[in-house]
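Below is one structure; the comments refer to it alone.
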Amino acid sequence: MILLTSLIVSLGRPMTGITYFWYAKYTGIPYFWFCVLISFLWDHFRRRGDADSRRVMNVKTSMLLVAFIAVQISSDYFVADVLGLKVTGYVGHLRDAKERKSAVSQLRSKLVEPLARGSHEIKIPTLDGRFIAAQYPCLYEYNLSHYLDFIVPEGRKVQLCRNEAMQKWAAKDVVTVQSLRSTVDGIFLDRLADDPYLQQLYLAPVELRTKAVPVPAADRASSSSAVNPGGTSTLAGTGGPVLDSDGTAEIMVERGAWDPEKKSKLLLDFAYAARRPVKDGPGPVEIKVVFDGELKIPYHGYPVVVQADRGVGRVCIDLMQLYAFSLNPTVNSLRIRLSTPGSYRFSEARLI
């Protein structure tokens, strides 16, 4: 019965991996009824036996129950120790539940309670799932709206706000606003400048979401990278000068200060060649977006992963998805760091 359920799940929800269809949420119900069937059969044969047989079966049943509980508790540790994996199973579920409870408790005590002190409503930015997962991987990528029932103290009012570039999926009402910095309460911005916990949450160097821009076939043919037999990379086609990066080279995109709500979309169009010969062509290319701003907060390099098609990458990144960008009155010195070693030729790197 359990095997049949697992087969149906694997056909109905095809996913990578070989363990997901054994999860209790799939096999729990047939497993329960399987145990009920075994219990009835066991009771049937016990009633048919004489007094000595029933006594023996009672002893064996008690021993089997003890062994079953011991296996449920210890087998996860044994398997994890032998295979060098993280403890899973029943023990793993308990551990994960405790981690999630602790994470939600910290969101309540360190994020919401210091901000929502009075009875009046306070407006703060919602926290996209990627930022939460960077601090609490056990919470996955559910955004802050999914935890409001657990983190807002009774009698307090919290309104979550977002802009168009931020995560849309929400469990509670999240207000979409044109200007996030003008909407959130000043107490939040004040605490963001001084509170390390808020900075870890809202300023985490998460990977940026990108919007792919189609690359015409002619551009792929003329601008693609090539690897010479000797192992040296070359970049064909037109564009800017070739820049070799060891992972630290930077290109200045916008030097002066400007209002981030006026210009926020970064357009990148480049050709890339790896330093060493690559059998299947260049893989993903990581570029970090770096900038400074008026707010006195830590600034990080935010990675952008570009799937370079035959060595050509063309993407558009809306920087308003970053709280360090969208909450700032002004930003300056926008630059890109070429984190993946290799040769680059940019035909376009500009802010629009």
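The values are calculated or read from the model by the stated rules, or taken from the named source; none is laboratory data. Predicted model only: the values in this text are computed from it and were never measured. When we count neighbours, we look across all protein chains shown, and the Cβ atoms used for this are built from the backbone with ideal geometry, even at glycine.
Structural remarks
- Failed item in (1) more than 21 Å from residue 101 (Cα to Cα); (2) touching a Lys or Arg at 6+ places or on another chain (Cβ under 6 Å), with residue 175 passing the rest: (2)
- Residue count for the range 290-306, restricted to those that are under 18 Å from the mean Cα position of the chain (by Cα) and not small (Gly, Ala, Ser): 6
- Residue pairs meeting the criteria (Cβ under 7 Å; at least 6 apart or on separate chains; first farther than 19 Å from residue 328 by Cβ and touching a residue at least 12 places away in the same chain (Cβ under 8 Å), in the range 168-197; second surrounded by 16 or more Cβ atoms within 10 Å (Cβ to Cβ) and β-branched (Val, Ile, Thr)): 174/126
- Cβ pairs under 9 Å, 6+ apart, first in the range 277-301 and within 18 Å of residue 337 (Cβ to Cβ) and among the hydroxyl-bearing types (Ser, Thr, Tyr), second in a strand (DSSP E or B) and at pLDDT 95 or above: 299/290; 299/291; 299/292; 299/293
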